[in-house]
Amino acid sequence: MPQPTAFILHGGAGVLAERSYDREEAHMAELAETARASLSAGASALDVVCAAVRSLETSGLYVAGKGASPNQAGRYELDASVMDGPSRKAGAVATLEGFISPVDAARAVMEHTPHVLLAGAGAARFALEQGLKQVSDAPSYYTPAAAPDDRAIPTGTVGAVALDANGRLAAATSTGGTLNKVWGRVGDTPIIGSGTWADERAAVSCTGQGEYFMRANAAADVSARVRYHGQSLAHAVKGALDDVAHLGGEGGIIAVDASGAVSAQFNSPGMKRALVHPDGLIEVAVKQA
Ligand code: ASP
């Protein structure tokens with residue numbers, strides 16, 4: 001049997017019952033088709049997740065990249081991370097200001113520094129040195145994607161996980177953070193193990209109330225449950241999400257494992273998502289399955 005491939009992306013936990021998500025659904029379906037084609041053409045899981053997250057960032061449809069919302073000080077501070085399963089190399093940026101694609105900056109940290117996480121002004125200087133594209137007309141570049149939301153910590157993030165034809169797993173996540181966040185606030189998204197994780201067993205990307213995902217170390221917990229408990233991927237994702245819920249948090253988790261199993265679960269009101277199953281079937285959804 002050929003090595004299976006699989007892919008999932010999310011466009012953030014939390015959807016509004018009265019709003020139409022037709023544009024997001026069409027966009028996510030397109031990205032899923034692109035990912036499926038790239039994976040069957042032999043692209044690496046790392047390239048596929050970064051390309052998907054970059055498209056999610058630049059679309060302006062989700063609370064990440066162009067769709068990010070300002071913090072309480074009116075500044076656009078963005079977080080992103082990426083992790084490569086086979087090497088367990090990882091890169092991340094936190095409170096990055098002024099760049100089109102935070103995930104590209106995260107990948108540059110992984111590939112061109114001995115570090116994992118750069119933050120603030122130093123991250124911006126590094127991104128500039130790397131020649132990454134800047135936002136030239138902030139704040140008008142940003143088109144906050146989030147409609148009014150009355151949850152205690154309204155959220156929105158994008159992420160992707162993939163298994164490629166060589167059996168490699170990778171995950172990437174990018175966010176504008178939670179709405180109305182305090183200046184300098186960093187959530188789970190750029191914290192390896194909390195918002196993003198990939199190793200030889202599973203690739204995981206989280207979305208939701210980051211503070212709870214950090215306290216649960218949710219992304220790494222999925223792989224730990226597989227490793228130490230021998231749980232199935234779906235079981236492990238449910239266990240990690242239950243732990244977040246136990247702390248009072250809400251959100252969602254997407255994950256793929258080395259066998260091609262896929263799982264997308266959430267305890268929030270909906271999660272924008274698209275899955276490419278190992279048989280090639282594409283599933284796009286926003287609300288409860
Ligand atoms: N987890 C992100 C954060 O806390 C937000 C989100 O997923 O919507 O920054």
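Worth a mention:
- Of all residues in the stretch 53-71, those satisfying the criterion of being within 16 Å of the ligand (Cβ to nearest atom) and within 17 Å of A108 (Cα to Cα) are V53, E57, G65.
- Cross-chain or 6+ apart pairs with Cβ under 9 Å, the stretch 147-173 first and over 14 Å from G12 (Cα atoms), then at pLDDT below 55 and not in a strand (DSSP E or B): P148/P154
- Of all residue pairs spaced 6 or more apart or on separate chains, those with beta-carbon atoms under 7 Å, a first member in the stretch 34-47 that is part of a helix (DSSP H, G or I) and a second member that is among the aromatic types (F, W, Y) are A35/F7; R36/F7; L39/F7.
- Residue match in the stretch 148-155 (condition: modelled with pLDDT of 95 or more and either outside any loop (DSSP other than H, G, I, E, B) or within 14 Å of the ligand (Cβ to nearest atom) (or both)): no
- Here P86 passes the criteria (1) in contact with a Gly (Cβ under 7 Å, 6 or more places away or on another chain); (2) assigned to a loop (DSSP other than H, G, I, E, B); (3) farther than 24 Å from N180 by Cα; (4) of a type outside the set (D, E, K, R) except the one numbered (1).
- Contacts under 7 angstrom Cβ, first residue in the stretch 184-200 being under 11 Å from N217 (Cα atoms), partner surrounded by fewer than 24 Cβ atoms within 10 Å (Cβ to Cβ) and among the β-branched types (V, I, T), 6 or more apart: I192/V116
- In the stretch 199-232, the qualifying residues are those that are open to solvent by 20 Å² or more (accessible area, probe 1.4 Å) and aromatic (F, W, Y), and the one that is farthest from the ligand (Cβ to nearest atom) is Y228.
- For F266, the criteria (1) out of contact with any Gly (no Cβ under 6 Å at 6 or more places or on another chain); (2) within 14 Å of the ligand (Cβ to nearest atom); (3) modelled with pLDDT of 95 or more; (4) open to solvent by less than 40 Å² (accessible area, probe 1.4 Å) hold in every case but one, which is (1).
- Criterion: modelled with pLDDT of 95 or more and open to solvent by 40 Å² or more (accessible area, probe 1.4 Å) - qualifying residue of L117, L78: L117
- Restricting the stretch 2-22 to residues that are in contact with a helix residue (DSSP H, G or I) (Cβ under 9 Å, 6 or more places away or on another chain) and more than 16 Å from the ligand (Cβ to nearest atom), the residue that is most open to solvent (accessible area, probe 1.4 Å): T5
The values are calculated or read from the model by the stated rules, or taken from the named source; none is laboratory data. Owing to the predicted nature of the structure, the values given are computational and were not obtained by experimental measurement. So basically every Cβ, Gly included, is an ideal-geometry build from the backbone, and we count neighbours across all protein chains shown. We work out accessible area using only protein heavy atoms, side chains counted, and drop any ligands, DNA or RNA first. Shrake-Rupley method; radii C 1.70, N 1.55, O 1.52, S 1.80 Å.
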